[in-house]
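Engineer: Attaching a single structure in structure tokens format; questions to follow.
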Amino acid sequence: MSFDPDRILMVTGGQETPGWATGSFEEGLMAFNLLDFDCPVTGLQQGSCVEGLTVAFSGPSQAEIPWGAQSWEVLTETIQSLDPQPGVLAMRAHHDHVLADAPACLGWLDRSHRLGLEVGVALTPASMLVPAMMSNLDEHLERMFDYLGPRASVVIIEDLVEGDDGMAGHPGGEGLLPGITMGQLIDRFVPLETPVIVHSLDLESARGWLWPNMI
């Protein structure tokens, strides 16, 4: 498959330090604010998400069992206290946080809809991966895109590198993740109208990583 020119594609550009994708981006009438790992939803103030779409990590669990009912209640109460307008806030997953994986993200989407919160999720494959998944990486990536591609508010594509404290986020094409596989999964599972933000220096680099055979 090759890159579809109708797809909404953005890049983070030059980011001063390695890590997960952060920063503010605009494309036409759409605006995005990707918050750092150290600023999860628990660090937001009421009224801080007013324009565009703010994407924040769900944050570590405040309970003993990260996936237990108490963790979900605390996260829900946090979102309710922010009282965001519909469509201005989405959460991204991390394997150490309450939203740790694709099933947890699906669970949040169902919970959010049931409670009328209208707070979505960002599909962020890299930050859901752990070293044990690397041996059958393609299977895990396909499951993530299958579960969340059709329902995500935005897709954020990053790479991974081995660090002193385990795997860490990195610009695309410089690490462990197969860009061409993720490009194919975007084509299969992500609607054209869903924005895709790539942690990359420029659009040419992003397309070359994800769609190297583009015409």
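The values are calculated or read from the model by the stated rules, or taken from the named source; none is laboratory data. Since we're looking at a predicted model, the values are computed, not measured. In this analysis, Cβ positions are derived from the backbone assuming ideal geometry, glycine residues included, and neighbour counts consider all displayed protein chains. Side chains are part of the model used for accessible areas, which takes the heavy atoms of the whole protein and leaves out ligands, DNA and RNA. Shrake-Rupley method; radii C 1.70, N 1.55, O 1.52, S 1.80 Å.
Engineer: Of LEU141, LEU192, LEU148, LEU129, which residue is more than 14 Å from the chain's Cα centre (by Cα) and aliphatic (A, V, I, L, M)? First the steps, then the outcome.
Structural biologist: Details: LEU141 fails: more than 14 Å from the chain's Cα centre (by Cα); LEU148 fails: more than 14 Å from the chain's Cα centre (by Cα); LEU129 fails: more than 14 Å from the chain's Cα centre (by Cα).
Selected residue: LEU192, the only one of LEU141, LEU192, LEU148, LEU129 that is more than 14 Å from the chain's Cα centre (by Cα) and aliphatic (A, V, I, L, M).
Results for (1) crowded, with 16+ Cβ neighbours inside 10 Å; (2) within 20 Å of SER200 (Cα to Cα); (3) in contact with a Phe, Trp or Tyr (Cβ under 7 Å, 6 or more places away or on another chain), shown as yes or no for each residue.
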| residue | (1), (2), (3) |
| --- | --- |
| SER135 | no, no, no |
| GLU142 | yes, no, no |
| ALA152 | yes, no, no |
| VAL155 | yes, yes, no |
| GLU158 | yes, yes, yes |
| GLY166 | no, no, no |
| GLY175 | yes, yes, no |
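Engineer: Which one is nearest to PHE32 (Cα to Cα) among residues in segment 186-196 that are of a type outside the set (Ser, Thr, Tyr) and either assigned to a loop (DSSP other than H, G, I, E, B) or open to solvent by 10 Å² or more (accessible area, probe 1.4 Å) (or both)?
Structural biologist: PRO195
Engineer: Which condition breaks for HIS199 when tested against (1) surrounded by fewer than 19 Cβ atoms within 10 Å (Cβ to Cβ); (2) within 17 Å of the chain's Cα centre (by Cα)?
Structural biologist: Evaluating HIS199 over (1) surrounded by fewer than 19 Cβ atoms within 10 Å (Cβ to Cβ); (2) within 17 Å of the chain's Cα centre (by Cα) leaves (1) as the failure.
Engineer: So, one more: Among SER205, SER112, which is in contact with a Gly (Cβ under 8 Å, 6 or more places away or on another chain), assigned to a helix (DSSP H, G or I) and over 17 Å from PRO18 (Cβ atoms)? Even if it seems obvious, please write down each step before you answer.
Structural biologist: Numbers: SER205 fails: over 17 Å from PRO18 (Cβ atoms).
One residue alone meets the criteria, SER112.
Engineer: Can you tell me which residue within segment 13-26, out of those that are within 13 Å of the chain's Cα centre (by Cα) and in contact (Cβ under 8 Å) with a residue 40 or more places away in the chain, is most open to solvent (accessible area, probe 1.4 Å)?
Structural biologist: Among them, the one singled out is TRP20.
Engineer: Limited to segment 139-175, what total is found for residues that are within 30 Å of HIS113 (Cα to Cα) and outside any strand (DSSP E or B)?
Structural biologist: So the count comes out to 16.
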